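Each value in this text was obtained by applying a stated rule to the coordinates, not by laboratory testing. Owing to the predicted nature of the structure, the values given are computational and were not obtained by experimental measurement. Because the Cβ atoms are built from the backbone with ideal geometry, glycine has one as well, and the counts that use them run over all protein chains shown.
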Amino acid sequence: MNATVPDLEGRRVLVIEDEALVSMFIQDTLADIGCEVIGDASRFDDAMNKARSLSFDVAILDVNLNGQETFSIAHTLVERGLAFMFATGYGANNVPPEFETAPVLQKPFQQKDLEQALRAALP
């Protein structure tokens, strides 16, 4: 197990990812760096409900959730004043200009990439 990362330790994270193995990797990595996963979702409706109702520091949004883009979820997070980042295998070019300041985690990624994106997303 890796040492916790002090500036990320205790941060509460919502994970929105439709690939089970990727979601498990993200959750394990978050635990390794001392973050708390407060929820996860692999379906759009569940993801939107959790984005509207849960309390967390940052959300990780898979851009394409079972064929449905998650930009409306990002809008909800902006309205709530919550931090988020995108995770995608397609690159930052698939993210609309209105979200150009949101960090993009390029899949596949390593722990250091996730840490860097989390730091960039958090205020």
Practice item. Ratio to report: Rg/Rh of the chain, with Cα atoms as the point set and Rh obtained by the Kirkwood method; give two decimals. Key: 0.92
Revision key, fill the gap. In whole Hz, the Karplus estimates of ³J(HN,Hα) for the stretch 42-56 (6.51, -1.76, 1.60; θ = phi - 60°; x where Gly or Pro) are 10, 10, 4, 4, 5, 4, 5, 4, 5, 5, 7, 10, 7, 9, 7
Check your understanding: Given Phe109, Pro123, Ala41, which one lies farthest toward the positive end of the charge dipole of the chain, if we put +1 on the Cβ of every Lys and Arg and -1 on the Cβ of every Asp and Glu?
Key -> Pro123
Review point. Tell me, in nm to one decimal, what length is gained between Arg119 and Arg80 on full extension, where the rule is 0.36 nm per residue of separation less the Cα-Cα distance?
Key: 12.1 nm
**Study point:** Contact order relative to length of the chain, as percent, for alpha carbon pairs under 8 angstrom and 6 or more apart
**Key:** 22 percent
Exercise for review: Name all residues of the stretch 33-49 having a backbone nitrogen under 19 Å from the label point set 7 Å from the Cα of Ser72 along its Cα→Cβ direction, giving them as ranges.
Suggested key: 41-49
Check your understanding: If you put +1 on each Lys and Arg Cβ and -1 on each Asp and Glu Cβ, how big is the dipole of the chain around its Cα centre, in Debye rounded to 20?
Key -> 160 debye
Practice item. At 7 Å along the Cα-to-beta-carbon direction for both Asn49 and Gln111, put a label point, then send me their distance in nm to one decimal. Key: 3.4 nm
